[in-house]
Amino acid sequence: MDQLQLRLENQVSPVAEHVSALVAVVRPILVGAVYSLKADVVNEAGGYDGVRLRMLPRLYRRGDGDCGICFEYAVHDALARKDSVVTERVSDALINYCKVPGQQISSILFGAEKSGPVKLIETAKDVLTKDSSLLYGSRGRPVKLMKHIDSVAAAFRRHSERLALPHSISGLWKADLFVGNTDSDRWVGTSVKINPHQLEGARGLRVGVVPSRQGRSDAIQKDDQRNLVICPLPYDGAFMEVFYSGWGIVQQFIEADANMPREVALPLPADRTVAKMLVDRRDFPVLEVLDALLPLAQPELLSTMEKYVHIFERRKGTPTIGAAVAPIARKMDA
């Protein structure tokens, strides 16, 4: 049987210091890089425990869709830690446009073997109950989300499974998030796209989250043609700053063949400090480096819960654990 990894991460402390915050976000990015490696490559290295940090530049291959996946995680993380800019905007879409009752907003990150450095199905069955209802924007009774969650995950991987989904939610497998209010236990399927032109409507999807475009209105709008409530997020450099910095550190480190990147590649002192931490540990296994960096990361920045749920047959060579790139945004004082 294949396994779903259920991983719920919540930020429990504000970003206090830039270097430790960068270390906190670099760790899951490295985990994502390791667990995205092909099984045969990992086996040749002696298993995941044998992959040394200096080997990543030769083993890791960056995917074209990585930035979009990271944006999904950034939006989810912002909702999970109640970032005011994102939470207020999405709450407005839920309450005033989707008529979702309640006030305790929450997000379930739902991904099924997406390409790039993130290979993780992250849901939150700890959050869902047997009464959790999905509002899909058409006439009819809401469907019970817990009842269909595994079928929707299977539908992402196999076309035949899509045909078995109820007609009203036949496109729900395209959801990136389930966003809703825990006090009312009502949820909506949400698509998150860093490129607004890639946003598509589908049966079961209700909200589309995209970055706002410079010079364009960032007002929430109802798109009747796609049956989506379009929710543009105001672009603020602080929102993605820590994540993009951490992502850049890892990419420049890999590009420099696990040596110290040139100053022009990482000109900021905090970025170079974190990169040097990696360079100093390049001869150690990546998983050991992650453990070594843990005391240097901002304490209690993230709280993580994990468990596994069997759902369908597992393919040979597929790792039983994945990795989440959980982007950590820093809120800057005005």
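Based on Cα coordinates alone, diagonalise the gyration tensor for the stretch 169-277, multiply each eigenvalue by 5, take square roots, and list the semi-axes in whole Å, largest first. Before the final figure, lay out the partial values.
Numbers: eigenvalues 270, 52, 37 Å².
After diagonalising the Cα gyration tensor, the semi-axes are 37, 16, 14 Å.
Under the Karplus relation 6.51 cos²θ - 1.76 cosθ + 1.60, θ = phi - 60°, what is the ordered set of whole-Hz ³J(HN,Hα) values for the stretch 90-99, x standing for Gly and Pro?
My calculation for the stretch 90-99 gives 5, 4, 4, 5, 5, 7, 8, 10, 9, 6 Hz in order.
Which net charge results when you count Lys and Arg as +1 and Asp and Glu as -1 among the other residues whose beta-carbon is under 9 Å from that of Ala202?
Values: positive: Lys174, Arg203, Arg226; negative: Glu200.
That sum, taken over residues with Cβ under 9 Å, equals +2.
Ranking request for peptides 47-56, 264-273: highest mean number of other beta-carbon atoms within 10 Å first, then the rest in descending order.
Details: 47-56: 17.5, 264-273: 14.9.
Listed from highest to lowest mean packing, they are 47-56, 264-273.
Could you order the peptides 141-151, 246-256 from most to least packed, using the average number of other C-beta atoms within 10 Å per residue?
On the way: 141-151: 17.1, 246-256: 20.5.
In descending order of packing, they fall as 246-256, 141-151.
Can you give me the P(r) profile for the stretch 126-189? Cα pairs, bins 10 angstrom wide beginning at 0, each as a whole percent.
22, 56, 21, 1
Could you calculate the contour length gain from Lys130 to Asn259, that is, 0.36 nm times the residue separation minus the distance between their Cα atoms, to one decimal place in nm?
Values: separation 129, 0.36 × 129 = 46.44 nm, distance 5.10 nm.
Gain on stretching Lys130 to Asn259: 41.3 nm.
Just to compare against my own numbers: the Cα pair-distance distribution for the stretch 174-216, 5 Å bins, whole % per bin, please.
It works out to 5, 24, 25, 20, 12, 10, 3, 1, in whole percents.
Sort Leu79, Leu290 so that the residue with the fewest other Cβ atoms within 10 Å of its own Cβ comes first and the one with the most comes last.
Numbers: Leu79 22, Leu290 19.
Result, fewest neighbours first: Leu290, Leu79.
List the residues whose amide H sits under 5 Å from the amide H of Val209, counting only those 5 or more places along or on another chain, with H placed 1.01 Å from N in the peptide plane.
Ser191, Val192, Lys193, Cys231
Calculate one ³J(HN,Hα) per residue across the stretch 249-258 by plugging θ = phi - 60° into the Karplus curve 6.51 cos²θ - 1.76 cosθ + 1.60, and present them in order as whole Hz with x for glycine and proline.
After applying 6.51 cos²θ - 1.76 cosθ + 1.60, I find 4, 5, 5, 5, 4, 5, 4, 8, 6, 6 Hz.
Provide the packing ranking of 188-197, 201-210, i.e. peptides ordered by the mean count of other C-beta atoms within 10 Å per residue, highest first.
Values: 188-197: 20.3, 201-210: 23.1.
The peptides rank, most packed first, as 201-210, 188-197.
With both bridge residues required to lie in the stretch 128-280, what share of the DSSP beta bridges run antiparallel, to the nearest 5%? Could the numbers behind the result be given before it?
Details: 10 of 21 bridges.
Approximately 50 percent, going by the DSSP bridge assignments.
In the stretch 152-240, which chymotrypsin sites (Phe, Trp or Tyr not before Pro) are in a loop and have at most 16 other Cβ atoms within 10 Å, using DSSP for the loop call? Numbers along the way, then the final one.
Values: sites: Phe156, Trp173, Phe178, Trp187, Tyr235, Phe239; in loops: Tyr235.
Loop-located and lightly packed - Tyr235.
Rule-based calculations on the coordinates, nothing more; no lab input. As the structure is a prediction and not an experimental result, all values here were calculated from the model. When we count neighbours, we look across all protein chains shown, and the Cβ atoms used for this are built from the backbone with ideal geometry, even at glycine.
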